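One structure is given below, encoded as structure tokens.
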Amino acid sequence: MNIPRTALIAVLAALAAFAVWADEKPEAGLSEVIVTTTRIPRRIADEPTRVEVIDHEELEEKVAMSPGDVAMLFNETPGLHVQTTAPGLGAANVRIQGLRGRYSQVLADGLPLYGGQTGGIGLLQIPPLDLGQVEILKGVASALYGPSALGGVINLTSRRPDGTHELLLNETSRGGSDAALWWASPRAKEGWSYSVLAGADRQTMRDVNGDGWADIPRYLRGTVRPRFYWADESGREVFLTAGAMLEDRSGGTVKDGRVPAHDPDGTPFVEAFKTQRFDVGLTGRWPISPKRTLTVRASATQREQRQTFGTDIEPTRSRTGFAEWALNGVSGRHDWVTGLAVEQDDYHNSSLPAFNFAYSVPALFLQDEFRASEALTVSASARLDHHNVYGTFFSPRLAVLWRPGGAGSPWRSRLALGTGFFAPTPITEDTEGIGLARVLPLKGVRAERARGVSADLGRLWSVGSGSVETNATVFASEIAHAVGLTDLATIPPELVNAAFPTRTLGTELLARWRSGPFTAIIAHAYVNASELAPGTLIRRTVPLNPRHTVNFTAVWEQEEIGRVGIEAFFTGRQALIENPYRTESPGYLMLVFLVQRRIGVADVFLNAENLTDRRLTRFQPLVLPAQAPDGRWTTEAWGPLDGRVINLGVRWRFGAQAHEPEEAEKAHESDEAEERERAKRP
């Protein structure tokens with residue numbers, strides 16, 4: 001595969017422009033953020049694997065923009081694309097660097113609390129108020145986290161207790177309401193501390209364009225998650241959490257609506273999804289010598305769902321169990337981890353038992369980071385998984401960090417390559433949108449195998465009184481035996497392996513400027529992905545992958561006053577299939593405006609989303625002229641359906657530090673310092 005010439009020119013031009021414009025003297029010190037997704041806690045600047053971080057300050061902004069879920073947070077990150085999988089229910093998953101959403105592993109504090117596969121609805125059920133940091137590892141990561149991480153890992157790290165209490169209330173112009181409560185004990189360097197998140201979210205059904213079909217589904221959701229922390233002066237730590245989430249969601253035709261639209265002989269068509277999810281998680285850390293530490297992680301998740309798709313009803317139950325024992329150590333210039341892990345995934349469909357499966361995957365893993373010199377660090381990892389259905393797989397990974405001029409250099413260059421595998425299940429982007437009643441059970445499919453490579457070059461520049469961070473990335477991946485649902489020419493459709501690989505190639509460009517209260521970010525992502533149409537030898541562009549995306553954000557923020565921000569998002573053309581109205585979507589631009597004002601202990605915020613009112617139904621109908629053979633009544637959702645949305649809310653902070661923002665900031669800085677000290681320990 002050849003890298004597109006225009007992409008190479010763009011990368012070189014961007015770096016050259018900053019090299020000429022910026023002062024050659026680097027800003028004192030690189031980011032001190034600590035990341036843990038790669039198993040060895042490390043400053044992000046010293047991590048051989050590129051890990052992108054959405055920090056607490058940026059999360060604070062996103063909470064005001066979308067208090068109910070994290071979908072917007074992901075969609076505004078370069079290289080990530082939130083794709084709607086079921087327009088009738090609003091279900092969506094996140095694609096990483098052009099790979100389908102089922103390959104993305106979403107973790108909470110390093111645990112699979114949302115299940116082995118998060119699913120299209122699961123992404124919309126995660127509240128952002130209790131997040132402290134989000135870490136994103138793009139590309140094949142099976143060597144670190146097993147088969148579910150074929151496309152990458154998104155690790156949602158929770159806020160630590162800080163003695164504050166918060167109440168958030170929000171209302172939208174489209175009939176949505178959000179309420180969330182965060183309650184935390186004071187910080188405790190030793191002994192117990194805790195936090196609790198409780199939330200309720202409601203949305204009324206809305207037919208935005210008046211065609212009788214709900215563009216915004218109705219839902220009612222409740223969430224609660226307590227967390228408990230314990231630590232002592234010897235470095236021993238325990239983290240316990242439990243969560244419960246209940247949701248009732250429905251879409252399809254609205255009251256008096258029918259399909260086909262405006263047909264007097266048409267009939268109502270209801271889509272509904274009820275979910276109950278319960279989970280528990282544990283993480284423990286025990287130093288057993290000055291240079292050896294034992295860590296244990298375990299979790300269990302049960303998710304019960306009842307999906308209605310017209311006259312078809314599918315009650316299902318999914319269970320995921322996970323346990324891991326690891327030994328971390330330091331030997332000379334080596335930081336290493338070795339351990340055992342096991343994951344079990346069980347799926348039970350009461351109405352369609354032919355789709356039931358029970359997967360068990362024990363694994364051995366090893367990771368070693370070698371500091372060859374101040375300029376060069378090499379990380380090698382390998383994992384051996386034994387899948388009870390698909391066999392044994394070896395997944396190696398190599399990452400290299402080179403800092404020209406040594407540890408103090410402002411330049412960072414990284415190279416990563418690895419392989420992995422994915423165990424097929426009947427739950428894919430296609431079947432989530434149509435159910436399983438019209439699909440043949442899995443039969444004779446092989447495990448999907450992947451290999452990927454990425455290279456990036458970054459630097460931190462001093463520019464006047466501020467700084468500019470730049471990064472350019474080139475990536476490529478290949479998935480053999482990719483599983484897909486055959487097209488409508490095959491009735492009933494079935495899931496089959498492709499005869500030739502799915503190939504993805506792309507680039508990412510990022511520039512972030514900070515100066516006092518001002519921050520500006522501009523990012524561009526290019527993705528060129530192709531695959532065989534399932535069941536054929538015809539190569540096509542992977543549908544619903546924007547070839548180009550551009551994000552621009554500018555924010556002014558003063559802690560004691562508030563913030564003002566504007567954002568612009570351009571989504572390029574996407575290939576479409578089985579769409580009678582068009583074969584390619586148009587590109588579209590969305591604008592966002594946010595203003596937030598602090599008044600005493602309260603933050604009042606007003607957010608205007610999609611000011612240009614771009615929505616799919618301005619370009620084509622969403623509802624098909626006739627029901628598709630697989631049961632669908634809608635086309636793919638290549639763009640937003642809700643149009644312009646304005647939300648107004650207030651966030652009260654009360655508790656020990658609510659009246660002392662400087663003390664709260666010092667506490668946050670103290671937490672970061674503790675994390676840096678922890679990163680120095682094995």
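The values are calculated or read from the model by the stated rules, or taken from the named source; none is laboratory data. Everything numeric in this text was worked out from a predicted model, so none of it was measured. Quick reminder, even Gly has a Cβ in these numbers, built from the backbone with ideal geometry, and neighbours come from all protein chains shown. Quick note on the areas: whole protein, heavy atoms, side chains included, nothing else; ligands and nucleic acids left out. Shrake-Rupley method; radii C 1.70, N 1.55, O 1.52, S 1.80 Å.
Go through the stretch 239-262 and give me each residue that's touching a Leu at 6+ places or on another chain (Cβ under 9 Å), farther than 30 Å from Pro625 by Cα and not acidic (Asp, Glu).
From the stretch 239-262, those touching a Leu at 6+ places or on another chain (Cβ under 9 Å) are 239-241, 243, 246-252, 259-260; that's our starting set.
Adding the requirement that they be farther than 30 Å from Pro625 by Cα leaves 239-241, 243, 246-247.
Listed by number, the residues that qualify are Phe239, Leu240, Thr241, Gly243, Leu246.
Counting only residues that are in a loop (DSSP other than H, G, I, E, B), of a type in the set (A, V, I, L, M) and open to solvent by less than 20 Å² (accessible area, probe 1.4 Å), how many does the stretch 162-188 have? Counting residues in the stretch 162-188 that are in a loop (DSSP other than H, G, I, E, B), of a type in the set (A, V, I, L, M) and open to solvent by less than 20 Å² (accessible area, probe 1.4 Å) gives 0. Of the set (1) open to solvent by less than 10 Å² (accessible area, probe 1.4 Å); (2) touching a Lys or Arg at 6+ places or on another chain (Cβ under 8 Å); (3) among the small types (Gly, Ala, Ser), all apply to Ala108 but (2).
Among Arg598, Arg563, which is closer than 28 Å to Thr77 by Cα, touching a helix residue (DSSP H, G or I) at 6+ places or on another chain (Cβ under 9 Å) and free of Cβ contacts under 8 Å to residues at least 40 places away in the same chain? If you could, list the steps in order and put the result at the bottom.
Working: Arg563 fails: free of Cβ contacts under 8 Å to residues at least 40 places away in the same chain.
Of Arg598, Arg563, the one residue that is closer than 28 Å to Thr77 by Cα, touching a helix residue (DSSP H, G or I) at 6+ places or on another chain (Cβ under 9 Å) and free of Cβ contacts under 8 Å to residues at least 40 places away in the same chain is Arg598.
For Gly243, the criteria (1) closer than 23 Å to Thr635 by Cβ; (2) in contact (Cβ under 8 Å) with a residue 60 or more places away in the chain; (3) of a type outside the set (Lys, Arg) hold in every case but one, which is (1). Report whether or not Ser148 is more than 27 Å from Ile96 (Cβ to Cβ), among the small types (Gly, Ala, Ser) and either in a strand (DSSP E or B) or open to solvent by less than 30 Å² (accessible area, probe 1.4 Å) (or both). No: the conditions fail for Ser148. Output the residues belonging to the stretch 44-90 that are without any contact (Cβ under 8 Å) to a residue 40 or more places away in the chain and in a strand (DSSP E or B). Matches in the stretch 44-90: none.
For the stretch 500-519, filtered to residues that are among the small types (Gly, Ala, Ser) and modelled with pLDDT of 95 or more, the residue that is surrounded by the most Cβ atoms within 10 Å (Cβ to Cβ) is Gly506. Close contacts from the stretch 290-314, counting a first residue that is charged (D, E, K, R) and a second that is assigned to a strand (DSSP E or B) and open to solvent by 50 Å² or more (accessible area, probe 1.4 Å), with Cβ to Cβ under 6 Å and a gap of 6+ residues or different chains, come to Glu304/Gln276; Glu304/Arg317; Arg306/Lys274.
Sort out which residues of the stretch 613-643 are charged (D, E, K, R), without any contact (Cβ under 8 Å) to a residue 40 or more places away in the chain and crowded, with 16+ Cβ neighbours inside 10 Å, and write them in order of number. Result: Arg614, single match. Within the stretch 193-231, being assigned to a strand (DSSP E or B), of a type in the set (A, V, I, L, M, F, W, C) and under 30 Å from Gly266 (Cβ atoms) holds for Trp213, Ile216, Leu220. The residues of the stretch 627-682 that are within 25 Å of Asn607 (Cα to Cα), modelled with pLDDT of 90 or more and assigned to a loop (DSSP other than H, G, I, E, B), listed by number, are Ala637, Trp638, Gly639, Pro640, Leu641, Asp642, Gly643, Arg644. Can you spot a residue in the stretch 367-379 that is over 24 Å from Arg285 (Cβ atoms), hydroxyl-bearing (Ser, Thr, Tyr), in contact with a Ser or Thr (Cβ under 9 Å, 6 or more places away or on another chain) and assigned to a strand (DSSP E or B)? So far as the stretch 367-379 goes, no, none of its residues is over 24 Å from Arg285 (Cβ atoms), hydroxyl-bearing (Ser, Thr, Tyr), in contact with a Ser or Thr (Cβ under 9 Å, 6 or more places away or on another chain) and assigned to a strand (DSSP E or B). Taking the criterion of being in a loop (DSSP other than H, G, I, E, B) and out of contact with any Lys or Arg (no Cβ under 8 Å at 6 or more places or on another chain), the residues of the stretch 403-423 that qualify are Pro404, Gly405, Gly406, Ala407, Gly408, Ala423.
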